[in-house]
Amino acid sequence: MEAGRKRYRLYFPALLLAPLLMGVVDFARAVPVFSRKYQTSCSTCHYAFPQLNAFGKAFRNNGYRYPGGDENFRKDEPVSLGSEAYKKVFPNAIWPSDLPISAPFAVQAMGEYDQSFHQPDSVTAGNFVFPSVVKVFYAGTLGESFSLFGEIALENTGDAVDTGFPFRLEWNRRPAFNVAAGSIALDPTPNDRSLIPTLFNVSGLASRNGWVLDGEQPGLELWGAGNGPGGKGGWKYMTGVVNGQGGVVGRKQDVFARLTYKINGLGEIGGTEGQASKSSAFYKDNSLTLGGFVSTGRAGADLFADREDLTTWAGTMDGWYERAILNAAVFSMDSKPNGLPEQKSLAWYAQGQYVVYPWLIGLARFESTDLDTKDGLDPQTTLIPAVAGMLRANIKLTVEYKRPMNDYAARKADEECMVAKLDFAL
Amino acid sequence: MKRPWTLLIVAVLSAGALPAAAGTIKGKIAIARARTLADVVVYVDKAPGQFAAPKQHVVMNQKDLAFQPHVMPVVVGTTVDFLNSDQVLHNVFSPDKCVSKFNLGTWPKGEVRSYTFATVGCAPVVLCNVHPEMEGFVVILQNPFFAVTDKSGLFVIHDVPEGKYTIKAWNRKFLAVSQEVTVSKEGDATCNLTLK
């Protein structure tokens, strides 16, 4: 796999749980580095980590800075790498910058209990995995216009270890114009990353030689965001080129583009204009965001698969109303492996979330995956009810149950499972 | 010869209209193992008479993700304007029953929402449900004879009428204490308090 990660051997039950674990070694979306820098709670930016709330997205869209400038908000005084006056000396001096005064590192650790059902007697049905993932991440801003985001992750996959070390450096010229180099995520699913461990089927849908949306790839990305009329909602675009997947033989880089438009709610780049309301909470943002995504490329050939031309598109919807969130995505993949007939795959999901209390969130997801729309088989459907409990702002417990449905249920009964996961960051 | 008597009568009547002789109560609070001695409210408990709330609103600012001042004593009936001075949304609410668990909603930079604190004897916490780390206190008192300590624990209560009083101290973390103090005609009184 690309993106500075290497997957070692997978053993059962890790194989059984592969769909759950895929993408866990991935960019952190919860970064206590920023919590320390601004001395603010996780919930300033997170609905329930790692899922961002509206302000968290605006913070990210400002290059990991507070909207409108964050000099007054950051509680640590940065180390100067050159006086401001050196801007007058440029190009006869290096442009001034700064460094965080404290090392911008943080740790996230996870452990879980996996319970599978309908397994042969020879297989252990219950399994503790402590730790399942440990991450050290680093993030911050470098002067006025650069930011950095990266991590080193170790994932326990039974008796083997999966490592990952994605990072990206961004030039944040202005909210509408940013350039990122490093690990680029193509995944267009709303809210970036699911609240629960199970990866969206859309993100994990693999082509015949293993190309998936999930994960990061080395590349370049141009992105930007802006507020809509009256300071509400707004637009965001992302486009770029990444190495692509599969082997290197005959590979063409993936080119992708994504556009979203948010109606109502907090502006994509923040601000307070037009945002007065009678009630508020960090998990509320009455809004509707619609999005589209397209990518094209050629996964290269290796010992196990021939090269494969791929074109994908996705449509997304993300609606927030008071305590509820409803989001959905549909993803289509046209695959043309060398010498094989064209295959079209179609996957979609719909997910509802409801904040019972700010620390207790119920979730239900329905997924449908049709690997080959012409094979006459019913799509694989799965129901995932779950509960997420924030024991503290930085400690989360999730319990989810995965239930294969329809004909697929009979064929994949062994995929019925329950996962309880403990996740904390400091 | 009548003129001096007239002047004397006027002088006596005028003296009656002036406030009684007032002094100051100075002192220092001590708290073992406290990281700071600031934000302790020291006040006169139950001064005789009725004290009207100021007509002018007082301001508690929300700036740099903090309530400023962190602790604000007010006379009962005072209206506090909560001003958002940040380029982010803020909210103000209180979970305390003595202020009916008010919630003022959310408002942008430069705008205010107001609340009148009408229940004497409580010190409701005010919070922002957008930024959970933000916390402020409004200490509702019967009279205007109060002060807030500085970082070194010093305080001065001005314009206290002559008399014998009970001085109390309030802090969100430590037990309230009290001490008897007499403000004499000569002026200043001293009061040192130790919170536990």
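The values are calculated or read from the model by the stated rules, or taken from the named source; none is laboratory data. Fair warning: this is a prediction, and the values are worked out from it, not measured in the lab. When we count neighbours, we look across all protein chains shown, and the Cβ atoms used for this are built from the backbone with ideal geometry, even at glycine.
Go through the stretch B:112-122 residue by residue and tally those that are of a type in the set (A, V, I, L, M) and either in contact with a Gly (Cβ under 7 Å, 6 or more places away or on another chain) or buried (at least 19 other Cβ atoms within 10 Å of the Cβ) (or both). Before you say what the answer is, go through the steps one by one.
Of all residues in the stretch B:112-122, those of a type in the set (A, V, I, L, M) come to B:112, B:118, B:120.
With either in contact with a Gly (Cβ under 7 Å, 6 or more places away or on another chain) or buried (at least 19 other Cβ atoms within 10 Å of the Cβ) (or both) added as a condition, the list becomes B:118.
Of the residues in that region, 1 qualify.
For every residue, the table says whether it meets (1) assigned to a loop (DSSP other than H, G, I, E, B); (2) closer than 30 Å to A:G270 by Cα; (3) more than 28 Å from the chain's Cα centre (by Cα).
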{"position": "A:F73", "(1), (2), (3)": "yes, yes, no"}
{"position": "A:Y86", "(1), (2), (3)": "no, no, yes"}
{"position": "A:A93", "(1), (2), (3)": "yes, no, yes"}
{"position": "A:P96", "(1), (2), (3)": "yes, yes, yes"}
{"position": "A:A103", "(1), (2), (3)": "yes, yes, no"}
{"position": "A:Q108", "(1), (2), (3)": "no, yes, no"}
{"position": "A:E112", "(1), (2), (3)": "no, no, no"}
{"position": "A:Q115", "(1), (2), (3)": "no, no, no"}
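Only one of these is more than 14 Å from every other protein chain (Cβ to nearest Cβ), within 18 Å of the chain's Cα centre (by Cα) and charged (D, E, K, R): A:R251, A:R258. Name it. Walk me through it before giving the result.
Numbers: A:R251 fails: within 18 Å of the chain's Cα centre (by Cα).
When all the criteria are applied, what remains is A:R258.
What do you reckon, is A:S207 modelled with pLDDT under 95, more than 17 Å from A:G315 (Cβ to Cβ), within 14 Å of chain B (Cβ to nearest Cβ) and not in a helix (DSSP H, G or I)?
On the way: modelled with pLDDT under 95: yes; more than 17 Å from A:G315 (Cβ to Cβ): yes; within 14 Å of chain B (Cβ to nearest Cβ): no; not in a helix (DSSP H, G or I): yes.
Taking the combined requirement at face value, the residue does not satisfy it.
Restricting the search to the stretch B:109-125, which residues are within 14 Å of chain A (Cβ to nearest Cβ) and β-branched (V, I, T)?
B:V112
Can you find, within the stretch A:52-62, the residue that is nearest to the chain's Cα centre (by Cα) among those that are closer than 22 Å to A:E221 by Cα and of a type outside the set (D, E, K, R)?
First, pick out the residues of the stretch A:52-62 that are closer than 22 Å to A:E221 by Cα: A:52, A:56-62.
Filter once more, keeping what is of a type outside the set (D, E, K, R): A:52, A:56, A:58-59, A:61-62.
On the way: A:L52: 10, A:G56: 13, A:A58: 16, A:F59: 16, A:N61: 15, A:N62: 18 Å.
Step by step, filter the stretch A:52-62, then rank; the result is A:L52.
When you go through (1) more than 23 Å from A:K402 (Cβ to Cβ); (2) modelled with pLDDT under 95 one by one for A:Q380, which number turns out not to apply?
Going through (1) more than 23 Å from A:K402 (Cβ to Cβ); (2) modelled with pLDDT under 95 one by one, A:Q380 breaks only (1).
What number of residues in the stretch A:225-260 are crowded, with 21+ Cβ neighbours inside 10 Å and either within 19 Å of A:T311 (Cα to Cα) or in contact (Cβ under 8 Å) with a residue 60 or more places away in the chain (or both)?
Counting residues in the stretch A:225-260 that are crowded, with 21+ Cβ neighbours inside 10 Å and either within 19 Å of A:T311 (Cα to Cα) or in contact (Cβ under 8 Å) with a residue 60 or more places away in the chain (or both) gives 11.
Can you tell me which residue in the stretch A:261-302 is surrounded by the fewest Cβ atoms within 10 Å (Cβ to Cβ), limited to those that are within 14 Å of chain B (Cβ to nearest Cβ) and of a type in the set (D, E, K, R)?
A:K278
Go through the stretch A:141-157 and give me each residue that's out of contact with any Asp or Glu (no Cβ under 7 Å at 6 or more places or on another chain) and closer than 30 Å to A:E112 by Cβ.
A:L148, A:F149, A:G150, A:E151, A:I152, A:A153, A:L154, A:N156, A:T157
Given the condition over 15 Å from the mean Cα position of the chain (by Cα) and within 17 Å of B:V138 (Cα to Cα), answer yes or no: does some residue in the stretch B:42-61 qualify?
Within the stretch B:42-61, one or more residues are over 15 Å from the mean Cα position of the chain (by Cα) and within 17 Å of B:V138 (Cα to Cα).
Do we have A:K396 as part of a strand (DSSP E or B), in contact with a Ser or Thr (Cβ under 9 Å, 6 or more places away or on another chain) and over 30 Å from A:K252 (Cα atoms) here? Talk me through it step by step, then tell me what you get.
On the way: part of a strand (DSSP E or B): yes; in contact with a Ser or Thr (Cβ under 9 Å, 6 or more places away or on another chain): no; over 30 Å from A:K252 (Cα atoms): yes.
For A:K396, the condition - part of a strand (DSSP E or B), in contact with a Ser or Thr (Cβ under 9 Å, 6 or more places away or on another chain) and over 30 Å from A:K252 (Cα atoms) - is not met.
Tell me the strands (runs of 3 or more DSSP E) entirely within the stretch A:321-376 that contain at least 3 residues that are farther than 20 Å from A:L195 by Cα.
Details: elements: A:324-337, A:343-357, A:360-370.
Fully inside the stretch A:321-376 and qualifying: A:324-337, A:343-357.
Could you please let me know if B:K109 is among the basic types (K, R), surrounded by fewer than 20 Cβ atoms within 10 Å (Cβ to Cβ) and in contact with a Ser or Thr (Cβ under 9 Å, 6 or more places away or on another chain)?
Numbers: among the basic types (K, R): yes; surrounded by fewer than 20 Cβ atoms within 10 Å (Cβ to Cβ): yes; in contact with a Ser or Thr (Cβ under 9 Å, 6 or more places away or on another chain): yes.
Yes: the conditions hold for B:K109.
Considering only residues that are over 18 Å from A:I325 (Cα atoms), of a type outside the set (A, V, I, L, M) and in a strand (DSSP E or B), which ones fall in the stretch A:273-299? Can you show your working first?
Filtering the stretch A:273-299 for residues over 18 Å from A:I325 (Cα atoms) gives A:273-278, A:292-299.
Restricting the remaining residues to those that are of a type outside the set (A, V, I, L, M) gives A:273-275, A:277-278, A:292-293, A:295-298.
Of everything in the stretch A:273-299, those that are over 18 Å from A:I325 (Cα atoms), of a type outside the set (A, V, I, L, M) and in a strand (DSSP E or B) turn out to be A:S277, A:G292, A:F293, A:S295, A:T296, A:G297, A:R298.
Return the total of residues in the stretch B:86-103 being away from chain A (no Cβ under 14 Å), out of contact with any Pro (no Cβ under 7 Å at 6 or more places or on another chain) and outside any loop (DSSP other than H, G, I, E, B). Steps first, please.
Applying the first criterion (away from chain A (no Cβ under 14 Å)) to the stretch B:86-103 yields B:94, B:96-100.
Pick out the ones that are also out of contact with any Pro (no Cβ under 7 Å at 6 or more places or on another chain) and you get B:97, B:100.
Imposing the further condition that a residue be outside any loop (DSSP other than H, G, I, E, B) reduces the set to B:97.
Number of matching residues: 1.
Please tell me if A:A388 is modelled with pLDDT of 95 or more and surrounded by 19 or more Cβ atoms within 10 Å (Cβ to Cβ). Before the answer, list the steps.
Values: modelled with pLDDT of 95 or more: yes; surrounded by 19 or more Cβ atoms within 10 Å (Cβ to Cβ): yes.
Taking the combined requirement at face value, the residue satisfies it.
Of all residues in the stretch B:46-61, how many are in a strand (DSSP E or B) and either in contact with a Ser or Thr (Cβ under 8 Å, 6 or more places away or on another chain) or buried (at least 17 other Cβ atoms within 10 Å of the Cβ) (or both)?
From the stretch B:46-61, those in a strand (DSSP E or B) are B:58-61; that's our starting set.
Now restrict to residues that are either in contact with a Ser or Thr (Cβ under 8 Å, 6 or more places away or on another chain) or buried (at least 17 other Cβ atoms within 10 Å of the Cβ) (or both): B:58, B:60-61.
Looking only at that region, the number is 3.
Do you know which residues across the stretch B:145-184 are over 22 Å from B:F51 (Cα atoms) and of a type in the set (S, T, Y)?
Within the stretch B:145-184, B:T149, B:S152 meet the criteria.
Looking at (1) in a strand (DSSP E or B); (2) farther than 18 Å from A:L422 by Cα; (3) in contact with a Lys or Arg (Cβ under 9 Å, 6 or more places away or on another chain), which one does A:D159 not meet, given that it meets all the others?
Status for A:D159: all satisfied but (1).
From the list A:G265, A:G270, exactly one residue is in a loop (DSSP other than H, G, I, E, B) and on the phi > 0 side of the Ramachandran plot. Which is it? Explain how you work it out, then say what you get.
Numbers: A:G265 fails: in a loop (DSSP other than H, G, I, E, B).
Only one candidate qualifies: A:G270.
What are the pairs with Cβ atoms under 6 angstrom where one residue, in the stretch A:109-134, is under 14 Å from A:P197 (Cβ atoms) and the other, located anywhere, is modelled with pLDDT under 80 and among the hydrophobic types (A, V, I, L, M, F, W, C)? Sequence gap at least six, or different chains.
A:D114/A:L17; A:V133/A:V24
Can you pull out every residue in the stretch B:62-79 that is part of a strand (DSSP E or B), touching a strand residue (DSSP E or B) at 6+ places or on another chain (Cβ under 6 Å) and either among the aromatic types (F, W, Y) or surrounded by fewer than 18 Cβ atoms within 10 Å (Cβ to Cβ) (or both)?
B:F67, B:Q68, B:T79
Out of curiosity, is B:T106 among the hydroxyl-bearing types (S, T, Y), assigned to a strand (DSSP E or B) and within 14 Å of chain A (Cβ to nearest Cβ)? Outline the logic, then answer.
On the way: among the hydroxyl-bearing types (S, T, Y): yes; assigned to a strand (DSSP E or B): yes; within 14 Å of chain A (Cβ to nearest Cβ): yes.
Yes, satisfied.
So, in the stretch B:128-152, how many residues would count as being away from chain A (no Cβ under 14 Å), part of a loop (DSSP other than H, G, I, E, B) and buried (at least 21 other Cβ atoms within 10 Å of the Cβ)? I'd like the intermediate steps shown before the answer.
Filtering the stretch B:128-152 for residues away from chain A (no Cβ under 14 Å) gives B:136-152.
Right, trim to part of a loop (DSSP other than H, G, I, E, B) and you get B:142-145, B:149-152.
Narrowing further to those that are buried (at least 21 other Cβ atoms within 10 Å of the Cβ): B:145, B:149.
Residues that pass the stated criteria total 2.
Looking at B:E162, B:E135 in this structure, which one is closer than 30 Å to A:H46 by Cβ and acidic (D, E)?
Working: B:E162 fails: closer than 30 Å to A:H46 by Cβ.
Just a single option satisfies the conditions, and that option is B:E135.
Give just the number: which of (1) in contact with a Leu (Cβ under 7 Å, 6 or more places away or on another chain); (2) away from every other protein chain (no Cβ under 14 Å); (3) not aliphatic (A, V, I, L, M) does A:S102 not satisfy?
(1)
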